[in-house]
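Notes follow the structure.
FYI, it's all coordinate maths here, none of it is from the lab. Here the structure is a predicted model, which means the values were calculated and not measured. Here the Cβ is made from the backbone with ideal geometry for all residues, glycine too, and neighbour counts use every protein chain on show.
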Amino acid sequence: MIQRSVIIGCGAYLPERIVTNAELAKQVETTDEWIRQRTGIEQRHIAADGEKTSDLALAASKNAISAAGISVSDIDMIVLATATPDETFPSSATRVQAELGMTRGAAFDVQAVCTGFVYALNVADNFIRVGQAKTVLVIGAETFSRILDWSDRTTCVLFGDGAGAVVLQAQDSEGTNRDRGILSNHIHSDGRHHNLLYVDGGPSSTKTVGHLRMVGREVFRHAVANMASVLVEALEFNGLSPADLDWLVPHQANRRILDSTAQKLRLDMEKIVVTVQRHANTSAASIPLALAEAVGDGRIQPGNVVALEAMGGGFTWGSSIIRW
Ligand code: UT7
């Protein structure tokens, strides 16, 4: 009998403060029109002073736990994807663990920047498949506002803060559960592209936190190619074609990247969950935030074939196929 990881609850949290493009146009030389046309972004949420990544993660986790109808004592493991942890150590996951009142199991962070959630889901799914965990809380949480150079118009308009979480649970894939759950994960990295997207700081290099640096046009080019190829890889692995997909929940970096992916795979844009206009790029949080929205409003239904895909600094990229 095969053990599959089934997502039994999703949760999201966005900081209260919304910053519009018009507000940013007062700080750097940009316009609402440029940002909308080149990225599709209209606004982003920004964490309050003192509001940390683990605070956003905790709020999203509580929502996911309540949607799943489990109690904290059921959770065996927390895997938190973030590139903006509260502190260099310990992991932000252990802070969420303490705040939830979870006193057993294990909690740790995973770092793959914008692909972080797909990596974290892959890690959690593997723990479930080998029988080392039954119930895992998987979180994507970021406060990119803390690492942006707010005087650099080419990057500061693109990102936002937020968190999303899912509860994964082991279920026997038989009877009514047949074929439900995560069917496969596919992750990749290529460290040669470091200089196209990185943060120019860190404890062992500069002793500062640093700021995000990106060669946008190059990242865009790789993002379109890698997101399309890793989705095709996942579909082929499962003997599926793009037409079999009910929903694509991609990392939300730029509306034009999503349009290009849709075009390349001849996917109907109606099947793509798009939140970039309201959330901007929230890195590892973007997929679980979009998932929570599409599950919450009833777009994603049991039995649906759902694909996740992402690409980010490293470069890293990856995809997952889930039968909901
Ligand atoms: O999360 C995964 C990683 N991130 C991504 O996937 C992001 C990928 N890249 C992108 O989304 C796009 O490349 C950007 C949105 C970052 C930039 O769009 P673009 O169409 O590639 O623009 P560009 O970098 O080629 O810049 C075009 C022009 C430049 O001016 P010149 O050199 O042509 O005079 C920029 O200086 O737009 C200028 N520009 C701006 N103008 C107004 C760049 N940023 C801004 C801005 N407002 N905020």
Quiz item: So which helices of the chain fit the span-like rule, where a helix is a whole DSSP H run, its Cα atoms reach 24 Å or more along the axis, and its mean Kyte-Doolittle is at least -1.0?
Solution: 216-237
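What order do you get for 11-20, 187-196 when each peptide is scored by the mean count of other beta carbon atoms within 10 Å, highest first? Walk me through the numbers before you get to the answer.
On the way: 11-20: 18.8, 187-196: 13.5.
My ranking of the peptides, most packed first, is 11-20, 187-196.
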Quiz item: What does the charge add up to near A163, with Lys and Arg as +1, Asp and Glu as -1, over the other residues with Cβ less than 12 Å from its Cβ?
Solution: -2
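Taking a cut-off of 18 Å, what percent of all Cα-Cα pairs in the stretch 1-81 are separated by more than that? Each step should come with its number before you reach the end.
On the way: 1923 of 3240 pairs.
The calculated P(r) of the stretch 1-81 puts 59 percent of pairs beyond 18 Å.
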Quiz item: Of the residues G50, G303, G69, which exhibits the maximal mean-square fluctuation in a Gaussian network model of the chain defined by a 10 Å Cα contact cut-off?
Solution: G50
Quiz item: Once the principal axes of the Cα atoms of the stretch 252-324 are found, what is the range along each, listed largest first in whole angstroms?
Solution: 34, 26, 22
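Please give the net charge around A47, taking every other residue with its beta carbon less than 12 angstrom from that of A47, where Lys and Arg add +1 and Asp and Glu add -1.
On the way: positive: R17, R44, K52, R146; negative: E16, D49, E51, D55, D86, E142, D161.
Once positives and negatives cancel, what remains is -3.
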Quiz item: Along each of its three principal axes, how wide is the spread of alpha-carbon positions in the chain, in whole angstrom units, largest first?
Solution: 59, 46, 37
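Taking the highest mean first, how do the peptides 108-116, 95-103 order by number of other beta carbon atoms within 10 angstrom per residue?
Details: 108-116: 26.1, 95-103: 18.1.
My ranking of the peptides, most packed first, is 108-116, 95-103.
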Quiz prompt | Computed label-point distance, nm, for sites R146 and E29 using a 7 Å Cα→Cβ extension | solution = 3.2
Exercise. Quick one: grab Rg to one decimal and Dmax as a whole number for the stretch 176-302, Cα atoms only, in Å.
Key: 16.8, 54
Exercise. List the lysines whose Cα lies under 23 Å from the Cα of K134, skipping any in the same chain that are fewer than 8 positions away.
Key: K62
Quiz prompt | Cross-link partners of K52 among aspartates and glutamates (Cα-Cα below 17 Å; sequence separation of 8 or more within a chain) | solution = E16, D86, E87, E99, D109, E142, D161
Self-check item: Shape box of the stretch 2-173 [Cα atoms, principal axes, largest first, Å]
Solution: 54, 31, 25
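Restrict the search to the stretch 140-225; then list the chymotrypsin sites (Phe, Trp or Tyr not before Pro) that DSSP places in a loop and that have at most 15 other Cβ atoms within 10 Å of their Cβ.
Working: sites: F144, W150, F159, Y198, F220; in loops: W150.
Those satisfying the criteria are W150.
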